[in-house]
Amino acid sequence: MIAGTNKELKLLDKASAEFARKELAPNREENDKFPFSPFFTPVLEKAYSLDFFHALLPEKLGGIGHGVTALSVILYNICREDSSLGGIIFTHTAAQEILLAADAGNLIQQITKSDAPVNECLIAFPTFNNPSEIENMAVFKKKDTGYALSGAIDYMVLGGLASHALLPARYDGTNGFSFFLIDLAAQGVSISDPIHSLGLHACPAADIRLENVEGSLVGEERQGAAYFEAMTDRMSVPAAAMSAGIMKGSFSEALEYSRGRFQGGREIINWSEVKMILADMAVKIQNSEMTISRACQAVDNTEKGWQHCSRAAAISIQEAACDLTTWGIQVLGGVGYMKDFGQEKRFRDAKHLQALLGLAPMRKLKFFKNLVKN
Amino acid sequence: MISRSEIKTYTNMSPKFDDIFCSLQSAPKLPKGMIKETKKVIAIARKFNKEVIRPHALALDLKMHENPEFLPWDFVEKANEWGFYTMWIPKIFGGKGYNMPSMSYFVEEIGSACLAMANLIGVHYLGLCSLTSTWHMRLINRLCRDVAAGEKIQTPCLISLAITEPGAGTDVEEMDLADKGNITCHAEKITDGYRINGTKIFISNGHLSTWHIVIAYSDLDKPSENSVVLAVKTGTKGFSFGRKERKMGQKGCPASELIFKDCFVPDDQICLDPQQIQGLKRSKRDTAMQMIDYVLAATRAGVGAFGTGAARGAYEVALKFASETVVAGKLLINHEWAQCMLAEMYKNIAMARLTYAETNYANGLYGSFREMQKKPMYYYYKFMPAKWLEKMFSPMMDKPMMTKLFRKKQMDGQTDDEIHRTSGWGSLAKFSGTDIGIKNCHMALEMMGQAGLRHDRGAEKILRDAKLLQIYEGTNQLNRLNLFKCLIAGDFPQAVVFDE
Ligand SMILES: Cc1cc2nc3c(=O)[nH]c(=O)nc-3n(C[C@H](O)[C@H](O)[C@H](O)COP(=O)(O)OP(=O)(O)OC[C@H]3O[C@@H](n4cnc5c(N)ncnc54)[C@H](O)[C@@H]3O)c2cc1C
């Protein structure tokens, strides 16, 4: 539905759905055991080679220059099967978007070398924090040769995986923050073990400590908040699409199970209470897909107020996904709670994704502030 | 202004006074000693949380992520050392005889620190309560004394309840559904006992328990009239453990598969079967349902208390976070919206607690707590030395007459209205407390953002643990239907449940 009638988008829709079905679904439960089982590097490499990481990047920077609709289509399909990969794509793309917003495309080019292994091309980014909301942040100092960063960054997504990280830092004693790109292999960087988290197990995050680490300023000093907000305006729709993908996956599994599971002498789908739960799920999905389609259109055509469409979509669909995946487990009864089925993972992942780009209540207030300001 | 008969008529109109004012009716009848005792129980639980659970719960959960085969024996032994497995066993059976409602407050406390640990202790009493519901006094005495002996010799003796089967979860909890279901655990009557064949799944504490109260059926075409309740000991020939489930949460409390292959259970371990039911006033089917209701009316209040514990755990983590964390320039606790969210969470906890407490009052008036809460009984058992009680009562319990007497009084003595009232309240406490548990977890994680996602901050575990509460002891959907059946449908002869 999100792809609409656009031929190119339909192809992308098909390709990403097929990739997800073939590459992600069969090993979903195994991949989710990370860090207690190997990381799914071959799948990541394949996804990278299929340009899923470059949907928003302009062609001149080596991307495919599609809009957020394309990225939303990709993420929707991927997250239907396994949102960990979705989290990796989202994080990397969010970092790219900040670099683009800061007119620092050159830094992307420096990192993205066509023949390098995938992890060397990825950018880690603290996707679950809005830097404007947090108190403790790394600080930077100006040196003759550039900038030196020190301090801690909590929950750096892809921290132990990517070769570079985009991070916010403050100039000691001042308001506002700036973004810096650092090399995670540089001297002075220490990276924790993968942080065990609620969901997205195969999209690992780590705590990072910096001591006098050299960093490249991204855009202008103290403009970090503006870049972050610009990124959030655009990336909120793909964020919503991830949650919608999870919803669709949860619904499909619940529907299939309800047709095969018998209780009280009939398929449980034939108990009207179960049917009602499935109907509620279907309504939520239908509404979410319509919202995302409309929001994609608004963002890609930069319609008046497109930013509000984008942010409202994320807030409401992420919340809907939390409710829906709870029901998704419920329809399966006891087996829904078990790791052998996808439902428990979707429940965790949906809640995890609700924290994307900062505290959900703060994002709601920000949305409202922007709305009434205009 | 109003005559006596009018008062009777009006208070019998829906909602009936007796259905909705259990606490008011119960409070004056309760022994005062229960308050002091309950205070003590809460204090013990808090001390245990501080000294045993909080320092270890997250590490155990992580260990289980890494190695789902691990069994938390250390914890099981610790709880045994603290005397938790006998705390709510009546003194005449060798236990400590704490009042039953205090267990709900206890599991709320423990559940606020770790639901898996609360379940591990609570499920032992689910097993015991199921055994008690058969009123087979000799077996009750035997198993309870085994548990007490296990405490003395520091070898935990736990009891599980095994009713769920691969093809029947909801169906085994409701006799209106059982006969249409795919029930396969067969108890064949042979000389001197039963031969059991079949599989039970998702059995909490399975691998950790010494005794298992197993419900099988002597005629699979008509399970509702042929329930056989058996006490099966770990190690019995023909009985083995299968897989341990890989669960999303409550990892510290294993859910086990129990496999029975030509497993012989002697007659002296049969707690109840169709033959024993003969002579009771209700039909076999209604007696089986009464037994289920009798157990679940009490234990579902306990699950409501788990839900309250989850709601509290989530609230406490979020409150701590809000009081320490600066968000957008000021402490989160000083954002007005966060204050309202915390107030909402606090209210949710209070509502959930009131609901399970009211269910306990109902059980005290009409259900499984009734006998022990009568003032003379309560004080008699409280102040009589345990040794004396054992000497006097233990030999009596072996007499079949005692079982007969207790069954007559407890089973035949309970009216249909009383069964419905307690069962309906049990369901109400279960689904409202557990839905509230999940609600507070969601709110906590929303307030905490990234910090809420991390295992080391403790919030995400509560959400994973809490989700189970909406499923076991009957899904919340089944419990809504049971509430309808027990507290609403009675007034409408045209209402049909489980047959749409
Ligand atoms: C971790 C865990 C521990 C457990 N511990 C124990 C234990 O110690 N002992 C024990 O015996 N059992 C235990 N259980 C089993 C538990 O009680 C069952 O899982 C529960 O009763 C639901 O049964 P089911 O899983 O078979 O779901 P199903 O009965 O298959 O239900 C699937 C879905 O269909 C719905 N449904 C089914 N029938 C109807 C109907 N008639 N009308 C409307 N909707 C319907 C349900 O609400 C649910 O949404 C445990 C389960 C788990 C997951």
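The values are calculated or read from the model by the stated rules, or taken from the named source; none is laboratory data. Everything quoted here is computed from the prediction, not taken from an experiment. Neighbour counts run over all protein chains shown; Cβ positions are idealised from the backbone, glycine included. We work out accessible area using only protein heavy atoms, side chains counted, and drop any ligands, DNA or RNA first. Shrake-Rupley method; radii C 1.70, N 1.55, O 1.52, S 1.80 Å.
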Next item on the list: List the number of the failed condition for A:Glu211; all other conditions in (1) under 25 Å from the mean Cα position of the chain (by Cα); (2) loosely packed, with under 15 Cβ neighbours inside 10 Å; (3) away from every other protein chain (no Cβ under 12 Å) hold.
Entry: (1)
Checklist line | Residue list for the range B:152-174, filter: open to solvent by 10 Å² or more (accessible area, probe 1.4 Å), part of a loop (DSSP other than H, G, I, E, B) and under 22 Å from B:Arg480 (Cα atoms) | finding: B:Ile163, B:Thr164, B:Gly167, B:Gly169, B:Thr170
Notebook entry, point to check: Which of the residues that make up the range B:281-307 are closer than 15 Å to B:Leu468 by Cβ and not basic (Lys, Arg)?
Noted result: B:Thr299, B:Gly302, B:Val303, B:Gly304, B:Ala305, B:Phe306, B:Gly307
Check: Given the residues A:Ser258, A:Ser272, which is the only one that is touching a strand residue (DSSP E or B) at 6+ places or on another chain (Cβ under 8 Å), modelled with pLDDT of 95 or more and within 16 Å of the ligand (Cβ to nearest atom)?
Finding: A:Ser258
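Take the conditions within 16 Å of the ligand (Cβ to nearest atom), modelled with pLDDT under 95 and within 14 Å of chain A (Cβ to nearest Cβ) and apply them to B:Asp171. Does it pass?
Working: within 16 Å of the ligand (Cβ to nearest atom): yes; modelled with pLDDT under 95: no; within 14 Å of chain A (Cβ to nearest Cβ): yes.
Taking the combined requirement at face value, the residue does not satisfy it.
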Next item on the list: Would you mention how many residues in the range A:341-370 are modelled with pLDDT under 95 and at the interface with another protein chain (Cβ under 7 Å from one of its Cβ atoms)?
Entry: 0
Next item on the list: Please give the number of the condition A:Arg363 fails out of (1) open to solvent by less than 10 Å² (accessible area, probe 1.4 Å); (2) out of contact with any Phe, Trp or Tyr (no Cβ under 9 Å at 6 or more places or on another chain); (3) farther than 18 Å from B:Ile438 by Cα.
Entry: (1)
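Pick from the range B:178-214 the residues that are assigned to a helix (DSSP H, G or I) and buried (at least 23 other Cβ atoms within 10 Å of the Cβ): which of them is nearest to the ligand (Cβ to nearest atom)? Lay out the reasoning, then the answer.
Of the range B:178-214, the ones assigned to a helix (DSSP H, G or I) are B:178, B:206-208.
From what's left, buried (at least 23 other Cβ atoms within 10 Å of the Cβ): B:178, B:206.
On the way: B:Ala178: 11, B:Gly206: 7 Å.
For the range B:178-214, the residue satisfying everything is B:Gly206.
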Next item on the list: Filter the range A:249-276 for residues that are open to solvent by less than 20 Å² (accessible area, probe 1.4 Å) and part of a helix (DSSP H, G or I) and give the result.
Entry: A:Gly249, A:Ser250, A:Ala254, A:Ser258, A:Ile268
Item checked: Selection from the range B:424-470 of residues that are in contact with a strand residue (DSSP E or B) (Cβ under 9 Å, 6 or more places away or on another chain) and closer than 22 Å to A:Gly336 by Cα -> B:Leu453, B:His455, B:Glu460, B:Arg464, B:Leu468
Check: Considering only residues of the range B:136-168 that are among the hydroxyl-bearing types (Ser, Thr, Tyr) and within 9 Å of the ligand (Cβ to nearest atom), which is nearest to the other protein chains (Cβ to nearest Cβ)?
Finding: B:Thr164
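Helices (runs of 4 or more DSSP H) wholly in the range B:383-500 with at least 1 residues that are within 16 Å of the ligand (Cβ to nearest atom) and either in the same structural domain as B:Cys129 (by TED's automatic domain parsing) or modelled with pLDDT of 95 or more (or both) - which ones?
Result: B:416-448, B:459-467, B:476-483.
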Margin query: I need the full set of residues from the range A:262-318 which are without any contact (Cβ under 8 Å) to a residue 40 or more places away in the chain and closer than 30 Å to B:Asp221 by Cβ, in order please.
Written below: A:Phe262, A:Gln263, A:Gly264, A:Gly265, A:Arg266, A:Glu267, A:Ile269, A:Asn270, A:Trp271, A:Ser272, A:Glu273, A:Lys275
Item checked: Yes/no for B:Tyr366 being in the same structural domain as B:Ile436 (by TED's automatic domain parsing), under 17 Å from B:Thr132 (Cβ atoms) and under 24 Å from the mean Cα position of the chain (by Cα) -> yes
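Where in the range A:1-95 are there helices (runs of 4 or more DSSP H), lying fully within it, with 3 or more residues that are of a type in the set (Asp, Glu)? Outline the logic, then answer.
On the way: elements: A:7-19, A:28-31, A:41-49, A:68-81.
Once the helices (runs of 4 or more DSSP H) in the range A:1-95 are filtered for at least 3 residues that are of a type in the set (Asp, Glu), what remains is A:7-19.
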Notebook entry, point to check: What is the residue count in the range B:306-348 for residues that are under 30 Å from B:Cys253 (Cα atoms) and either out of contact with any helix residue (DSSP H, G or I) (no Cβ under 8 Å at 6 or more places or on another chain) or not assigned by TED's automatic domain parsing to the domain that holds B:Gly437 (or both)?
Noted result: 2
Note to self: Just checking, does the range A:103-121 include any residue being β-branched (Val, Ile, Thr) and modelled with pLDDT of 95 or more?
What the structure shows: no
Check: Considering only the range B:440-456, how many residues are under 25 Å from the mean Cα position of the chain (by Cα) and more than 10 Å from chain A (Cβ to nearest Cβ)?
Finding: 1
Notebook entry, point to check: Mind checking whether some residue in the range A:227-249 is of a type outside the set (S, T, N, Q) and within 12 Å of chain B (Cβ to nearest Cβ)?
Noted result: no
Margin query: Can you confirm whether B:Lys320 is within 30 Å of A:Pro361 (Cβ to Cβ) and within 14 Å of another protein chain (Cβ to nearest Cβ)?
Written below: no
Notebook entry, point to check: Can you find a residue in the range B:67-86 that is assigned by TED's automatic domain parsing to the domain that holds B:Glu358, of a type in the set (A, V, I, L, M, F, W, C), in contact with a Cys (Cβ under 7 Å, 6 or more places away or on another chain) and within 22 Å of B:Gln373 (Cβ to Cβ)?
Noted result: no
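Checking the conditions here, which among B:Ile277, B:Ile270 is touching a residue at least 24 places away in the same chain (Cβ under 8 Å) and more than 19 Å from the chain's Cα centre (by Cα)? Outline the logic, then answer.
Numbers: B:Ile277 fails: touching a residue at least 24 places away in the same chain (Cβ under 8 Å).
On inspection, the qualifying residue turns out to be B:Ile270.
Scan the range A:166-183 for residues that are in contact (Cβ under 8 Å) with a residue 60 or more places away in the chain and surrounded by 24 or more Cβ atoms within 10 Å (Cβ to Cβ) and jot them down. Quick ask: steps written out before the conclusion?
As a first pass, look at the range A:166-183 and keep what is in contact (Cβ under 8 Å) with a residue 60 or more places away in the chain: A:166, A:168, A:179, A:181.
Correct list: A:Leu166, A:Pro168, A:Phe179.
Here's a check for you: in the range A:131-163, which residue that is facing chain B (nearest Cβ under 10 Å) and part of a strand (DSSP E or B) is nearest to A:Ala116 (Cα to Cα)?
Initially, the range A:131-163 is screened for residues facing chain B (nearest Cβ under 10 Å), giving A:132-136, A:154-155, A:157.
Filter again for part of a strand (DSSP E or B), leaving A:134, A:154-155, A:157.
Values: A:Ile134: 34, A:Asp154: 27, A:Tyr155: 26, A:Val157: 20 Å.
Among them, the one singled out is A:Val157.
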Note to self: Tally up the residues in the range B:235-259 that are over 13 Å from B:His212 (Cβ atoms), over 20 Å from the mean Cα position of the chain (by Cα) and hydrophobic (A, V, I, L, M, F, W, C), please.
What the structure shows: 1
Notebook entry, point to check: If we keep just the residues of the range B:457-478 that are closer than 16 Å to B:Gly309 by Cα and of a type in the set (D, E, K, R), which is nearest to the other protein chains (Cβ to nearest Cβ)?
Noted result: B:Glu460
